[in-house]
Amino acid sequence: MTEGTPVIQANHVSKWYGQVSGLNDVTLTIPPGVTGLLGPNGAGKSTFMKLITGQLRPSQGDVRVLGEPIWHNPALYARIGFCPEQDAFYERMTGADWVAALMRLNGVGDAEAEQRARRALEVVELSDAANKKIGAYSKGMRQRVKMAQALVHEPELLILDEPLTGMDPIARRKAIRLIRDWGRAGKSVVVSSHILHEIESMTSNILLINQGRIVAEGNVHQIRDLIDEHPHTVHVKAEQPRALAREFLSADDVLSLTFEEGAVVVQTAKPDAFYARLTHMAATGNCGAVFEVTSPDDNLQAVFEYLVK
Amino acid sequence: MTDATLRRQRLSFASATMRIFDLSLPQMLWSRRSVFLALVTGGPVVLALLIRAIVAARPAGALQVNGAAPSGAALYGMIVWLLYIRFIVPVLGVFYGTALIADEVDDKTITYLFTRPIPRGSVLAGKYLAYLVCTILLVLPSVVIDYFIVVPLGGRAGIGENFPALIKDLGMLAVGLAAYGAVFALVGARLRRPLVVGLVFAFGWEPGVMLFPGYVKRLTVAYYLQGLVPHAMPDESAVSAILQFFSETPTIVASLTALALITAGALWFAARAVERREYVLDQ
């Protein structure tokens, strides 16, 4: 695979479970780097994850991972690490034994498998519990040992299905850092979550999925461009909010204005034009000083809510 | 091994099978199902001890079958035929064979095996081998214990005289476990309610068609296993009478050939089914 080649390509992919549609005519390209798959429960994230890990065959369309079809292509799993959502293990095995046993399926000998397993457990900070039985692990430890088995063979692409579920805040922060580091190291990660700030903390490159359809893809700002027909809200703290408001009203793109203490809240249909004008106004100082500009629309939550409504 | 080499590395079917076997055997040996297996295989031992106790308490004609006192060897033969071949081996085949993949699916651990660079069929093959070793390790010692408890009832000399029959029995039971396990692995790999279908096959279809003359009985595993039974049953006994129905028995060579073909064919089709089937785990 050359640099820049998409890690995942889905072409008109649909998946039905009998009469129930799990995924509906999805066409997308996931570039190298960290990509978040975001959607509410039941949106089709797990179906998508199972399709891109070759556990399910598309009812229609085709899925390619690292340039190759994934269904019925076990050789490709040497390049992919998958951390599934389900909390399922061989409970009587120790973490080290379990990760080493799965590593052995990648074709290495016992000694190397054990060595790599120890290293993977170290990466997820589970070395201390390596010799404990998985049945005795806490939820967070179970999530981490699952991640260890996914990354033990140093895959090019890591696919993580709701990896932060059940982790405590510290473990969560470490896992997020690990995922970001993985991306920085030039590897690719596709990570799903239904919690917005989780994804937001890992990457700005997201796919939004709802009711079996990809409703938006790209980075947060690109997605915001997609929803320009929705009012974009900007909160401006200023010395003279009313003077600013008078200037704003002369522009066609401003849809509404409300006042808060020391601030004006503007809804605009053309955010880029609005920001350009505001920057100019702040620079000239004709309407007094502008202290702070925030936009709740820059938060993933707002984008998500727009798109899934 | 470098990471780049590792990403090109792929096990052969045989190597992958052996690694799945290594992973599965301890899981299988210490499973709840093995407790059940231990109880099932303990039953004939308890029965043998009971027979021994009855004979010890009332030695003269304590046990009679159709008016005749069977020898220790004949009693042992009946235990092997009626309990092991007709009941325990099919039961173990049904409960383990149908669960080879189903257990991993129910436990949702199948994902870990199916997302490794190994053929899916090797997962079934490795688990099948683990089943075979697990059941052989537990069933055959139970048969040997039965042998040493029951056969001496006809005098200690019987132990040496009948020893070749014991060896044949052990071989026959291993072949039976292999054949039933493979057949029910296929049932488990292809059908949605494998346990029900397996039980109907083992305890409905097989004993049913065995009672009728004709070719249909050749569609059973029991028919070929019967060709391997080495025991001379007691004359004019109920068992002997029942066996008259089975007078058409295949030769040992034909039986072994058929059982080998059944085992290999069933495993091949089962592995193929596992390769092609989608496993949708409950959320």
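Going through region A:254-271 one residue at a time, which ones are outside any strand (DSSP E or B) and in contact (Cβ under 8 Å) with a residue 24 or more places away in the chain? Step through it out loud before you land on a result.
Taking region A:254-271 first, the residues outside any strand (DSSP E or B) are A:261-262, A:269-271.
Hits for region A:254-271 are A:Gly262, A:Ala269, A:Lys270, A:Pro271.
Considering region B:102-115 alone, what residues qualify as being more than 10 Å from chain A (Cβ to nearest Cβ) and touching a helix residue (DSSP H, G or I) at 6+ places or on another chain (Cβ under 6 Å)?
B:Ala102
To keep it simple, each residue is scored yes or no on (1) of a type outside the set (Gly, Ala, Ser); (2) within 14 Å of chain A (Cβ to nearest Cβ); (3) outside any helix (DSSP H, G or I); (4) more than 18 Å from B:Phe269 (Cα to Cα).
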site	(1), (2), (3), (4)
B:Phe87	yes, no, no, yes
B:Val94	yes, no, no, no
B:Pro117	yes, yes, yes, yes
B:Pro141	yes, no, no, yes
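With B:Val139, B:Val133, B:Val144, B:Val123 as the choices, which residue is within 26 Å of the chain's Cα centre (by Cα), closer than 28 Å to A:Ala101 by Cβ, surrounded by fewer than 18 Cβ atoms within 10 Å (Cβ to Cβ) and of a type outside the set (Lys, Arg)? I'd like the intermediate steps shown before the answer.
Working: B:Val139 fails: surrounded by fewer than 18 Cβ atoms within 10 Å (Cβ to Cβ); B:Val144 fails: closer than 28 Å to A:Ala101 by Cβ; B:Val123 fails: surrounded by fewer than 18 Cβ atoms within 10 Å (Cβ to Cβ).
Just one listed residue meets the conditions, B:Val133.
Quick check on A:Leu164: is it in contact with a strand residue (DSSP E or B) (Cβ under 8 Å, 6 or more places away or on another chain) and either at pLDDT 90 or above or closer than 15 Å to A:Ala120 by Cβ (or both)? I'd like the intermediate steps shown before the answer.
Details: in contact with a strand residue (DSSP E or B) (Cβ under 8 Å, 6 or more places away or on another chain): yes; either at pLDDT 90 or above or closer than 15 Å to A:Ala120 by Cβ (or both): no.
In short, no.
From (1) crowded, with 18+ Cβ neighbours inside 10 Å; (2) within 28 Å of the chain's Cα centre (by Cα); (3) more than 10 Å from chain B (Cβ to nearest Cβ), pick out the condition that doesn't hold for A:Glu114.
With (1) crowded, with 18+ Cβ neighbours inside 10 Å; (2) within 28 Å of the chain's Cα centre (by Cα); (3) more than 10 Å from chain B (Cβ to nearest Cβ) applied to A:Glu114, the lone miss is (2).
Looking at (1) in contact with a helix residue (DSSP H, G or I) (Cβ under 6 Å, 6 or more places away or on another chain); (2) farther than 30 Å from A:Val20 by Cα; (3) aliphatic (A, V, I, L, M), can you tell me which one A:Ala245 breaks?
That leaves (1) as the condition not met.
Whether any residue in region A:245-255 is aliphatic (A, V, I, L, M), under 30 Å from A:Ala101 (Cα atoms) and modelled with pLDDT under 90 is what I want to check.
First, the residues of region A:245-255 that are aliphatic (A, V, I, L, M): A:245, A:249, A:251, A:254-255.
Now drop any that are not under 30 Å from A:Ala101 (Cα atoms), which leaves none.
Checked against the condition, which is being aliphatic (A, V, I, L, M), under 30 Å from A:Ala101 (Cα atoms) and modelled with pLDDT under 90, region A:245-255 yields no hits at all.
Only one of (1) within 10 Å of another protein chain (Cβ to nearest Cβ); (2) modelled with pLDDT of 95 or more; (3) closer than 28 Å to A:Ile195 by Cβ is not met by A:Ser46, so which one is it?
(2)
Hey, any hits in region A:60-71 for a residue that's within 11 Å of chain B (Cβ to nearest Cβ), touching an Asp or Glu at 6+ places or on another chain (Cβ under 7 Å) and in a loop (DSSP other than H, G, I, E, B)?
To start, the set of residues in region A:60-71 that are within 11 Å of chain B (Cβ to nearest Cβ) comprises A:66, A:70-71.
Going one step further and asking which of them are touching an Asp or Glu at 6+ places or on another chain (Cβ under 7 Å), we end up with A:66.
Going one step further and asking which of them are in a loop (DSSP other than H, G, I, E, B), we end up with A:66.
Within region A:60-71 (the criterion being within 11 Å of chain B (Cβ to nearest Cβ), touching an Asp or Glu at 6+ places or on another chain (Cβ under 7 Å) and in a loop (DSSP other than H, G, I, E, B)), the answer is yes, since at least one residue qualifies.
Hey, does region A:128-147 have a residue that's crowded, with 23+ Cβ neighbours inside 10 Å and not in a helix (DSSP H, G or I)?
No, region A:128-147 contains no residue that is crowded, with 23+ Cβ neighbours inside 10 Å and not in a helix (DSSP H, G or I).
Can you tell me which residue within region B:266-283, out of those that are in contact (Cβ under 8 Å) with a residue 12 or more places away in the chain and more than 22 Å from A:Gln86 (Cβ to Cβ), is farthest from the chain's Cα centre (by Cα)?
B:Glu275
Residue by residue, here is whether (1) free of Cβ contacts under 8 Å to residues at least 60 places away in the same chain; (2) within 16 Å of A:Arg213 (Cβ to Cβ) holds:
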{"residue": "A:Leu23", "(1), (2)": "no, yes"}
{"residue": "A:Gly33", "(1), (2)": "no, no"}
{"residue": "A:Met49", "(1), (2)": "no, yes"}
{"residue": "A:Asp62", "(1), (2)": "yes, no"}
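Condition check: modelled with pLDDT under 80, loosely packed, with under 14 Cβ neighbours inside 10 Å and not in a loop (DSSP other than H, G, I, E, B). Does B:Ala232 satisfy that?
Working: modelled with pLDDT under 80: yes; loosely packed, with under 14 Cβ neighbours inside 10 Å: yes; not in a loop (DSSP other than H, G, I, E, B): no.
So B:Ala232 does not fit the description; no.
Identify, from the list A:Thr29, A:Thr53, the residue that is more than 10 Å from chain B (Cβ to nearest Cβ) and either at pLDDT 90 or above or buried (at least 16 other Cβ atoms within 10 Å of the Cβ) (or both). Walk me through how you get there before you give the answer.
Working: A:Thr53 fails: more than 10 Å from chain B (Cβ to nearest Cβ).
After ruling out the rest, the residue left standing is A:Thr29.
Is there a residue being over 21 Å from A:Gly183 (Cα atoms) and surrounded by 19 or more Cβ atoms within 10 Å (Cβ to Cβ) anywhere in region A:75-86?
Here is the first cut: in region A:75-86, the ones over 21 Å from A:Gly183 (Cα atoms) are A:75, A:86.
Okay, now just the ones that are also surrounded by 19 or more Cβ atoms within 10 Å (Cβ to Cβ), so none.
No: zero hits.
Would you check which residues across region A:72-110 are within 11 Å of B:Thr115 (Cα to Cα) and either of a type in the set (Val, Ile, Thr) or touching a Gly at 6+ places or on another chain (Cβ under 6 Å) (or both) and list them? Step through it out loud before you land on a result.
Of the residues in region A:72-110, the ones within 11 Å of B:Thr115 (Cα to Cα) are A:72-84, A:102, A:105-106.
Matches in region A:72-110: A:Ile80 only.
Taking the condition within 21 Å of A:Ala185 (Cα to Cα) and within 11 Å of another protein chain (Cβ to nearest Cβ), does A:Arg104 pass? Lay out the reasoning, then the answer.
Numbers: within 21 Å of A:Ala185 (Cα to Cα): no; within 11 Å of another protein chain (Cβ to nearest Cβ): yes.
No; evaluated as a whole, the condition is false for this residue.
Looking at A:Ala120, A:Ala171, A:Ala150, A:Ala100, can you tell me which residue is modelled with pLDDT of 95 or more, within 25 Å of the chain's Cα centre (by Cα) and farther than 30 Å from A:Ala10 by Cα?
Residue meeting the stated conditions: A:Ala120.
Tally time: how many residues in region A:149-164 are assigned to a strand (DSSP E or B) and either touching an Asp or Glu at 6+ places or on another chain (Cβ under 7 Å) or surrounded by fewer than 24 Cβ atoms within 10 Å (Cβ to Cβ) (or both)? Before the answer, list the steps.
Let us first name the residues in region A:149-164 that are assigned to a strand (DSSP E or B), namely A:157-161.
Right, trim to either touching an Asp or Glu at 6+ places or on another chain (Cβ under 7 Å) or surrounded by fewer than 24 Cβ atoms within 10 Å (Cβ to Cβ) (or both) and you get A:157, A:161.
Going through region A:149-164 one residue at a time, the tally reaches 2.
When A:Gln19 is evaluated against the numbered criteria (1) facing chain B (nearest Cβ under 10 Å); (2) without any contact (Cβ under 8 Å) to a residue 24 or more places away in the chain, which criterion, by number, is the only one it fails?
(1)
Could you please tell me which pairs satisfy a Cβ distance under 8 Å, a separation of 6+ or placement on different chains, a first residue in region A:72-99 that is within 8 Å of chain B (Cβ to nearest Cβ), and a second residue that is buried (at least 22 other Cβ atoms within 10 Å of the Cβ) and aromatic (Phe, Trp, Tyr)?
Going by the 8 Å Cβ cut-off, the qualifying pairs are A:Pro84/B:Tyr112; A:Phe89/A:Trp98; A:Tyr90/A:Trp98.
The values are calculated or read from the model by the stated rules, or taken from the named source; none is laboratory data. This is a predicted model, so every value here is computed, not measured. Cβ: placed from backbone, ideal geometry, glycine included. Neighbour counts: every protein chain shown.
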